[in-house]
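What follows is one structure encoded as structure tokens, with my remarks underneath.
The values are calculated or read from the model by the stated rules, or taken from the named source; none is laboratory data. Just so you know, these numbers come straight off a predicted model, no measurement behind them. Cβ placement follows ideal geometry from the backbone for every residue including glycine, while neighbour counts extend to all protein chains displayed.
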Amino acid sequence: MTTLLGLSLTGRRVVFVGGGAVAGRRVGRFLDEGALVTVVAPALGDALRAHVAAGRVTWVPRPARQDDVTDAWLVHTATGDASVDTAVAAWCDAVRVFCVNASDGAHGSARLSAETRSGDVIVAVASDAGVDPRRSARLRDAIAAALRDGMLPLRRRRTAAGRVDLVGGGPGPADLMTVRGRRLLAEADVVVADRLGPTAVLAELDPGVEVIDVGKAPGHHPVPQDEINAILVAHARAGKRVVRLKGGDPFVYGRGGEEVAACLAAGVPVEVVPGLTSVVSVPQAAGIPVTHRGTAAGLHVTMGQGPVSAATRAALADDTVTTVVLMGVAALPKLVAAALAAGAPAHRPVAIVERGHTPTQRTTRTTLSAAVTDAAAAGVSNPAVIVVGEVAAAGLLLPDAAAVSAGGGDPDR
């Protein structure tokens, strides 16, 4: 019968007997835990030699002796000689030190499990009888996949220190979120969510998770930013794990910096998890690279609200720069006027990508001179990303596709 225990080996002596490939593969696991590792072996393989050279491992260059195990907390023997490994295991039994015997794990007093981690959670898999490492590894990998997808109950059940995590959800599809973002959602007690981004993942949350909708729409901000900041701080101070779920990336027109500053001012721990920004991902969904060798070597990002800056005017007029405009549908007339006034050619390609990475995504391809008329005719609306530059030409990547939108703003549906 096997009992799985979580052993803390930080600062404690672990002895490896044998310096070959098995020890080389496994030693990193103990070093990562902060163990003090000594290797006893006449010779070392490349992996262990690198650890010794880096000062992470102490090497005793000789065959093992019985007194090598007496002051160890754990011994791992992998000499490749079953008789030597059996003798080492017997020495360990005599002094009540647990031993992993790589020659025959079923007969050692300890065995290594197949492990996977998610945040501060460690899941270990081991066979109760006999040794079948491939089966354990396959089961471990399946559990790891479920953890990455946020499908297992990671939420804490005991009160702990509160904190806030700003999670960039990317352009919308849940499978475009980061692994860390999915894990933090599975751990959350409170989720403060925008209207854009991967809102479908909210349905997968534990029923006890509180979801607070603070979504903004153009010209309509039902929950002011100061109030959002206060919500984050109040729940974290109450000992809750708070996830601020945003579309795109928190630091790209997401006001994430303001939320981080509010948390820090209140003494609340806060971290930021980046997400795929719509600046890049939404044009990509329409087959538009924001930079392309020989076409565009630079990228300028701006938002439609407020006056058109001098930097944006210069970018719009530069043949080698792609200008990406967020929240710019209402501002399209002034952007076009500014571009033409700055010297941009009337035939410069423009693409307006609505609802990127959703089933209703639509791209309207046009030019500066026709952009306002074509956008009105197509009924373009937010959320949309506007791309101005040569990369927006329909035939850039697929020359035969140029005919699809030649001569106007035919939308790709």
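For every residue, the table says whether it meets (1) under 35 Å from the mean Cα position of the chain (by Cα); (2) modelled with pLDDT under 95.
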residue	(1), (2)
F30	yes, yes
E33	yes, yes
V39	no, no
D46	yes, yes
T58	no, no
Q66	no, no
A72	no, no
A78	no, yes
D85	no, yes
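When A41, A47, A23 are checked against the criterion of being in contact with a Lys or Arg (Cβ under 9 Å, 6 or more places away or on another chain) and within 16 Å of D81 (Cα to Cα), A41 stands alone in meeting it. Given the structure, is A174 surrounded by 21 or more Cβ atoms within 10 Å (Cβ to Cβ), out of contact with any Ser or Thr (no Cβ under 9 Å at 6 or more places or on another chain) and under 23 Å from V121 (Cα atoms)? For A174, the condition - surrounded by 21 or more Cβ atoms within 10 Å (Cβ to Cβ), out of contact with any Ser or Thr (no Cβ under 9 Å at 6 or more places or on another chain) and under 23 Å from V121 (Cα atoms) - is not met. Just so you know, in segment 95-107 the residues that are modelled with pLDDT under 80 and within 15 Å of G80 (Cβ to Cβ) include one that is surrounded by the fewest Cβ atoms within 10 Å (Cβ to Cβ), and it is D104.
Let's see how each residue does on (1) surrounded by fewer than 20 Cβ atoms within 10 Å (Cβ to Cβ); (2) touching a residue at least 40 places away in the same chain (Cβ under 8 Å); (3) outside any loop (DSSP other than H, G, I, E, B):
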{"site": "V192", "(1), (2), (3)": "no, yes, yes"}
{"site": "V201", "(1), (2), (3)": "no, yes, yes"}
{"site": "G215", "(1), (2), (3)": "yes, no, no"}
{"site": "P250", "(1), (2), (3)": "no, yes, no"}
{"site": "C263", "(1), (2), (3)": "no, yes, yes"}
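When the residues of segment 1-19 are filtered to those that are touching a residue at least 24 places away in the same chain (Cβ under 8 Å) and over 19 Å from V69 (Cα atoms), the one that is surrounded by the most Cβ atoms within 10 Å (Cβ to Cβ) is T2.
Of all residues in segment 260-300, those being among the hydroxyl-bearing types (S, T, Y) and touching a Pro at 6+ places or on another chain (Cβ under 7 Å) number 2. The criterion of at least 2 residues that are modelled with pLDDT under 95 is met by the following helices (runs of 4 or more DSSP H) wholly inside segment 311-413: 402-405.
Out of T70, T58, one residue alone is without any contact (Cβ under 8 Å) to a residue 60 or more places away in the chain, in contact with a strand residue (DSSP E or B) (Cβ under 6 Å, 6 or more places away or on another chain) and farther than 18 Å from V22 by Cβ. It is T58.
All conditions in (1) over 22 Å from P198 (Cα atoms); (2) exposed (fewer than 14 other Cβ atoms within 10 Å of the Cβ) hold for V372, with the sole exception of (2). Take R156 and decide whether it is modelled with pLDDT under 85, within 21 Å of D32 (Cα to Cα) and not assigned by TED's automatic domain parsing to the domain that holds H235. Answer is no for this residue. Where strands (runs of 3 or more DSSP E) fall wholly inside segment 1-81, the ranges with 3 or more residues that are under 21 Å from L112 (Cα atoms) are 13-17, 36-40, 74-77. Within segment 265-294, the set of residues being in contact with a strand residue (DSSP E or B) (Cβ under 9 Å, 6 or more places away or on another chain), farther than 22 Å from V353 by Cβ and either among the charged types (D, E, K, R) or assigned to a helix (DSSP H, G or I) (or both) comprises just one member, E271.
Kindly indicate whether any position in segment 109-129 is of a type in the set (A, V, I, L, M), modelled with pLDDT of 75 or more and either assigned to a loop (DSSP other than H, G, I, E, B) or under 22 Å from T38 (Cβ atoms) (or both). Within segment 109-129, one or more residues are of a type in the set (A, V, I, L, M), modelled with pLDDT of 75 or more and either assigned to a loop (DSSP other than H, G, I, E, B) or under 22 Å from T38 (Cβ atoms) (or both).
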